[in-house]
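Structure first, then comments.
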Amino acid sequence: MLEGKTAIVTGAARGLGQAYARHIAIAGANVVVADLEPTDAAIEAIGLPDRTLGMSVDVTRIESVRAMVDATCERFGSVDILVNNAALYGSLHGGRAEAIDEDEWDRCMAVNVKGVWNCCRAVIPTMRTQGGGSIINIASLAAIIGMPYSLHYSTSKAAIIGMTRSLARELGRDWIRVNTVAPTAVQTEGTSEFFGEKLDRQMEHVLKGQCLAKAVEPDDVAGTILHLASDASRLVTGQTFAVDGGTVFL
């Protein structure tokens with residue numbers, strides 16, 4: 001499905017990013033596991049060492065991101081797929097809009113918005129020279145439904161949807177496709193950290209709003225990522241795909 005391609009997955013040391021990287025590798029691609037600290041365990045979990053490269057990257061710093069792209073091209077020869085998964089989530093503190101800490105707001109925007117922009121602008125020249133590529137940005141259902149008490153997170157993910165649409169318009173002539181995947185609250189460490197002691201109550205509320213009443217797990221999202229990464233979606237760009245058990249209809 002993805003044989004001969006190379007993918008960069010940011011925030012791939014755990015949770016959703018780890019699942020995306022694993023499924024992309026199983027589908028035949030080379031994979032760069034990018035994170036602030038890509039652990040040996042995260043890389044070993046993919047199980048394909050010859051086609052896996054761990055990279056330490058700070059997505060808020062363009063020099064760090066460009067170094068990652070250069071290392072990827074040196075090792076594998078191309079960057080065909082970029083999955084912009086790195087984001088602040090579990091470490092954020094929810095609360096009323098007027099009470100959100102300003103420094104936390106700035107950190108959220110730096111990672112969740114600027115970080116995605118940095119990764120996109122770092123791979124665009126390479127993809128343009130190659131004749132195309134697929135950029136998959138990870139937003140959240142929070143941006144679509146307007147999740148209360150998490151204004152900074154919801155706003156950052158709404159920005160990703162707008163960024164995706166603008167980039168898709170701009171880069172179509174270069175056959176660079178740009179799409180967004182917006183999962184609901186997925187069963188990950190980050191979700192547990194974000195909701196804390198309210199986790200069970202929040203997940204129960206989430207399930208009540210779904211047509212398909214099953215808690216979404218990382219592997220449930222990976223199929224949409226694979227579709228967008230592959231040539232099966234070669235004429236799909238600028239779209240937002242909610243993986244949410246039928247909570248919203250876009």
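Would you please name the residue that is farthest from residue 177 (Cα to Cα), looking only at residues in segment 213-235 that are outside any helix (DSSP H, G or I) and touching a helix residue (DSSP H, G or I) at 6+ places or on another chain (Cβ under 7 Å)? If you could, list the steps in order and put the result at the bottom.
Just the residues of segment 213-235 that are outside any helix (DSSP H, G or I), to begin with: 213-217, 230, 234-235.
With touching a helix residue (DSSP H, G or I) at 6+ places or on another chain (Cβ under 7 Å) added as a condition, the list becomes 213, 215.
Values: 213: 32, 215: 30 Å.
Only one residue tops the list, namely 213.
Quickly run through segment 89-115 and pick out the residues that are part of a loop (DSSP other than H, G, I, E, B), in contact (Cβ under 8 Å) with a residue 12 or more places away in the chain and not aliphatic (A, V, I, L, M).
Going residue by residue through segment 89-115, those that are part of a loop (DSSP other than H, G, I, E, B) are 89-96, 100-101.
Next cut, in contact (Cβ under 8 Å) with a residue 12 or more places away in the chain only: 89-92, 94-96, 100.
If the condition is that a residue be part of a loop (DSSP other than H, G, I, E, B), in contact (Cβ under 8 Å) with a residue 12 or more places away in the chain and not aliphatic (A, V, I, L, M), then 89, 90, 91, 94, 95, 96 are the ones that fit.
Are any of the residues in segment 138-156 modelled with pLDDT of 95 or more, in a loop (DSSP other than H, G, I, E, B) and within 19 Å of residue 114 (Cα to Cα)?
Yes, segment 138-156 has at least one match.
Yes/no matrix, rows are residues, columns are (1) aliphatic (A, V, I, L, M); (2) more than 23 Å from residue 84 (Cα to Cα):
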position	(1), (2)
206	yes, yes
210	no, yes
217	no, no
221	yes, no
225	yes, no
231	no, no
246	no, yes
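State yes or no: is residue 219 in contact (Cβ under 8 Å) with a residue 12 or more places away in the chain, touching a His at 6+ places or on another chain (Cβ under 8 Å) and among the acidic types (Asp, Glu)? Let's see the steps before the verdict.
On the way: in contact (Cβ under 8 Å) with a residue 12 or more places away in the chain: yes; touching a His at 6+ places or on another chain (Cβ under 8 Å): yes; among the acidic types (Asp, Glu): yes.
Here the answer is yes, as residue 219 does meet what is asked.
Would segment 29-40 turn up any residue that is part of a helix (DSSP H, G or I), touching a residue at least 24 places away in the same chain (Cβ under 8 Å) and in contact with a helix residue (DSSP H, G or I) (Cβ under 7 Å, 6 or more places away or on another chain)?
Applying the first criterion (part of a helix (DSSP H, G or I)) to segment 29-40 yields 40.
Within this subset, residues satisfying the condition of being touching a residue at least 24 places away in the same chain (Cβ under 8 Å) are none.
Checked segment 29-40: no residue is part of a helix (DSSP H, G or I), touching a residue at least 24 places away in the same chain (Cβ under 8 Å) and in contact with a helix residue (DSSP H, G or I) (Cβ under 7 Å, 6 or more places away or on another chain).
Just name the residue that is nearest to residue 84 (Cα to Cα) out of those in segment 94-136 that are among the small types (Gly, Ala, Ser) and crowded, with 21+ Cβ neighbours inside 10 Å. Talk me through it step by step, then tell me what you get.
Kept after step one, since they are among the small types (Gly, Ala, Ser), are these residues of segment 94-136: 94-95, 97, 99, 110, 115, 122, 131-134.
Imposing the further condition that a residue be crowded, with 21+ Cβ neighbours inside 10 Å reduces the set to 115, 122, 133-134.
On the way: 115: 8, 122: 12, 133: 14, 134: 11 Å.
Top of the filtered list is 115.
Pairs only if they're at least six apart or on different chains, beta carbon under 8 angstrom, first in segment 64-79 and closer than 17 Å to residue 51 by Cβ and in a helix (DSSP H, G or I), second at pLDDT below 95 and among the polar types (S, T, N, Q); list them, first residue then second.
No pair meets every condition.
So residue 198 fits all but one of (1) buried (at least 22 other Cβ atoms within 10 Å of the Cβ); (2) modelled with pLDDT under 95; (3) of a type in the set (D, E, K, R); what number is the exception?
(1)
Quick test for you: out of 135, 161, pick the one residue that is among the β-branched types (Val, Ile, Thr), in contact with a strand residue (DSSP E or B) (Cβ under 6 Å, 6 or more places away or on another chain) and either in a loop (DSSP other than H, G, I, E, B) or farther than 27 Å from residue 50 by Cα (or both). Even if it seems obvious, please write down each step before you answer.
Values: 135 fails: either in a loop (DSSP other than H, G, I, E, B) or farther than 27 Å from residue 50 by Cα (or both).
Among 135, 161, only 161 is among the β-branched types (Val, Ile, Thr), in contact with a strand residue (DSSP E or B) (Cβ under 6 Å, 6 or more places away or on another chain) and either in a loop (DSSP other than H, G, I, E, B) or farther than 27 Å from residue 50 by Cα (or both).
Of the residues that make up segment 177-185, is at least one assigned to a helix (DSSP H, G or I) and either at pLDDT below 80 or among the hydroxyl-bearing types (Ser, Thr, Tyr) (or both)? Break it down into steps so the answer makes sense when it comes.
We begin by selecting, within segment 177-185, every residue assigned to a helix (DSSP H, G or I); these are none.
No: zero hits.
From the list 82, 16, 53, pick out the single residue that is among the aliphatic types (A, V, I, L, M), surrounded by 24 or more Cβ atoms within 10 Å (Cβ to Cβ) and under 23 Å from residue 130 (Cβ atoms).
On the way: 16 fails: under 23 Å from residue 130 (Cβ atoms); 53 fails: surrounded by 24 or more Cβ atoms within 10 Å (Cβ to Cβ).
None of the other options fit; the residue is 82.
Consider residue 128 against the criteria (1) out of contact with any Asp or Glu (no Cβ under 8 Å at 6 or more places or on another chain); (2) outside any loop (DSSP other than H, G, I, E, B): it satisfies all of them except one. Which criterion is unmet?
Unmet condition: (1).
Considering segment 167-176 alone, what residues qualify as being closer than 19 Å to residue 116 by Cβ and either part of a helix (DSSP H, G or I) or within 16 Å of the chain's Cα centre (by Cα) (or both)?
Our first condition is that a residue be closer than 19 Å to residue 116 by Cβ; within segment 167-176, this holds for 167-172, 174, 176.
Answer for segment 167-176, where residues must be closer than 19 Å to residue 116 by Cβ and either part of a helix (DSSP H, G or I) or within 16 Å of the chain's Cα centre (by Cα) (or both): 167, 168, 169, 170, 171, 172, 174.
Just the residues that are touching a Gly at 6+ places or on another chain (Cβ under 7 Å) and not aliphatic (A, V, I, L, M), please, taken from segment 47-88.
60, 80, 85
The values are calculated or read from the model by the stated rules, or taken from the named source; none is laboratory data. Everything numeric here is computed off the predicted structure, so don't read it as measured data. For neighbour counting, all protein chains shown are included, and Cβ atoms are generated from backbone atoms with ideal geometry for every residue, glycine included.
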